[in-house]
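Working notes, beginning with the structure itself.
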Amino acid sequence: MFMSVITLASLVIWITASQELIKPSEKQNRQKIITLTSAGTLTTAAVTISLFQSLPF
């Protein structure tokens, strides 16, 4: 359940970052882009690590 929430949060973060990057250069908020990219990277890393840990070896 917890990983589902993290996965959905990651998806929302990356969609929001993409929408910010689509804007014209003069309307982009650089701080928002940096924050969203950092948060997206952390949540994606958490999901990836969780998925690799659940693989049977």
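Please report the relative contact order for the chain, taking Cα pairs under 8 Å with a sequence separation of at least 6, and give it as a percent rounded to a whole number.
Computed value for the chain: 45 percent relative contact order.
Helix-only estimate, please: 222 nm mean residue ellipticity of the chain, summing -39500 (n - 2.57) across DSSP H runs of length 4 or more and dividing by its residues, to the nearest 500.
Counting only the DSSP helices, I get -27500 deg cm²/dmol.
At 1.4 Å probe size, with the rest of the protein present, what percent of the exposed accessible area of the chain is carbon and sulfur atoms?
71
Which stretch or stretches of region 1-15 have amide N atoms under 20 Å from the point lying 7 Å from SER54's Cα along the Cα→Cβ direction?
Residues 1-14 fall inside that zone.
What's the percent breakdown of Cα-Cα distances in the chain across 10 Å bins, shortest bin first?
24, 42, 23, 9, 2
On average, how much accessible surface per residue is there in the chain, in Å², for a 1.4 Å probe, leaving out ligands, DNA and RNA?
Here the per-residue accessible area is 80 Å².
The values are calculated or read from the model by the stated rules, or taken from the named source; none is laboratory data. This structure is a prediction, so every number in the text was calculated from the model and none was measured. Cβ coordinates were reconstructed from backbone atoms using ideal geometry, including for glycine residues, and neighbour counts include every protein chain displayed. What goes into the accessible areas is simple: the full protein's heavy atoms, side chains included, and nothing from ligands, DNA or RNA. Shrake-Rupley method; radii C 1.70, N 1.55, O 1.52, S 1.80 Å.
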